[in-house]
1. Please state the Cα pair-distance histogram of segment 209-273 with 5 angstrom bins from zero: what percent is in each bin?
2. What's the extension gain from Asp166 to Gln41 if we count 0.36 nm per residue and subtract their Cα-Cα distance?
3. Please work out whether segment 1-157 counts as rounded, prolate or oblate from its C-alpha gyration tensor, where a ≥ b ≥ c are the square roots of the eigenvalues and a/c under 1.5 means rounded, while otherwise a/b larger than b/c means prolate and anything else oblate?
4. Just grab the label-to-label distance for Glu277 and Gln217, each label 7 Å out from Cα along the Cβ direction, in nm (one decimal).
5. Report the charge-dipole magnitude of the chain in Debye, nearest 20, computed about the Cα centre from +1 at each Lys and Arg Cβ and -1 at each Asp and Glu Cβ.
6. If only Cα atoms are counted, what is the Rg of segment 118-195, and what is its Dmax, in Å?
7. Segment 58-134 to segment 144-210: how many Å between their Cα centroids?
8. Using only the Cα atoms of segment 258-317, what do you get for the radius of gyration and for Dmax, in Å?
Amino acid sequence: MAQKKKQERGAVYRDEVRRLRAEGPERLYVLCGEEEYLREQFLAELKKICLPGGEDDFSYHRFDGATLSLSALSDAVDAVPFLTDRTLLEVRGYDTNKLAEADAKRLIALTEDLPDYCTLVFVMDGAFALDGRLKVSKALQKQGRVLAFQGQDSATLVKWVARRFDAVGKRVTVPDAEYLIMITGGLMNRMIPEIEKVGAFARGEAVTRADIDAVVQKVPDAVVFEMTDLIAERRGDAVMQKLSELLSDKNNDPIALLAAVGNQMRRLYAAKCAQAERLSTSDLMALCGVRYDFIAQKLARSARGYSMRQLERAVQLCAETDFAMKRSGTDNAELLKELLLRLLAEAEA
């Protein structure tokens with residue numbers, strides 16, 4: 001019944017909103033991707049079009065994926081709109097990758113026969129990605145529009161950060177906006193409360209780097225980046241202090257922290273190789289899977305603090321520690337501490 005739609009990878013929010021306003025809503029959407037803020041903004045735009053009276057409209061139904069009854073969903077699909085042109089059905093957190101075969105068949109049949117007046121939206125968790133091998137995933141891709149909202153490019157995100165600070169009566173420079181993006185991981189949902197904290201803390205109209213450092217919670221990857229710079233500077237006490245702070249947070253598992261250290265050392269090694277081959281910043285971004293040019297540039301600067309041999313050895317030591325964590329009965333936190341001490345020793349050599 002519905003036209004074939006290709007799956008969208010890295011959906012561009014502004015383009016998708018323009019398309020929605022110009023062409024109207026589809027009958028089926030799957031909204032996913034790590035940038036949850038943009039996902040929710042797109043859903044809000046969809047609601048404005050489908051539900052002129054707001055969410056209290058009789059034509060709106062919301063379902064919790066954990067308790068979803070496909071029979072109830074089917075009944076809602078068949079219900080005609082009341083005082084609106086369309087019905088909007090929102091299903092949150094329904095993991096279509098883990099459906100029993102019978103439920104998968106029922107969902108496929110339902111999506112193949114959606115009425116013209118109905119818009120069915122599956123809103124997935126940030127880490128969700130359709131398993132393309134499954135029949136139900138193929139049906140969702142065929143019958144609807146799959147929008148995976150990813151992080152914004154650096155120029156767009158820096159402007160967005162500046163606007164958010166402006167909304168709380170503060171100004172921020174481009175370098176400090178980039179710094180905030182780096183230490184928070186660059187996702188809008190995570191940055192919004194941090195911007196509000198900085199805005200409330202900063203005394204002057206202009207936000208300073210010190211204001212940001214005073215109140216912003218850094219993601220572990222950003223702390224690891226600082227640690228590898230400190231290793232290159234042979235500042236062992238500072239390295240171990242930062243590790244202690246990371247391990248004091250029970251949310252930071254030593255295995256995950258090791259993965260972050262190993263990833264950073266591999267990126268620094270890649271940056272060193274890129275310098276030797278005279279590759280561009282864009283080449284380095286592609287090589288390391290880095291989204292923002294200013295982070296790639298910082299990687300390049302940080303790599304200059306190491307020799308090629310040191311980075312080769314660092315990558316090897318990270319791999320050995322990973323093996324030890326999987327095979328040894330030794331405490332993982334102790335193995336991580338030992339790794340950093342060995343990395344410091346290599347930097348001194």
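1. The percentages, shortest bin first, are 4, 16, 24, 26, 19, 9, 2, 0.
2. Stretched fully, the Asp166-Gln41 segment lengthens by 43.0 nm.
3. oblate
4. It works out to 3.9 nm between the two label points.
5. 920
6. Calculated on Cα positions, Rg and Dmax stand at 17.3, 51 Å.
7. So the separation of the two Cα centres works out to 34 Å.
8. 10.6, 30
Each reported figure results from applying straightforward, stated rules to the coordinates on display, with no laboratory input. Quick caveat: nothing in here was measured; it's all calculated off a predicted structure. Heads up, the Cβs are rebuilt from the backbone with ideal geometry, glycines too, and the neighbour counts pull from every protein chain shown.
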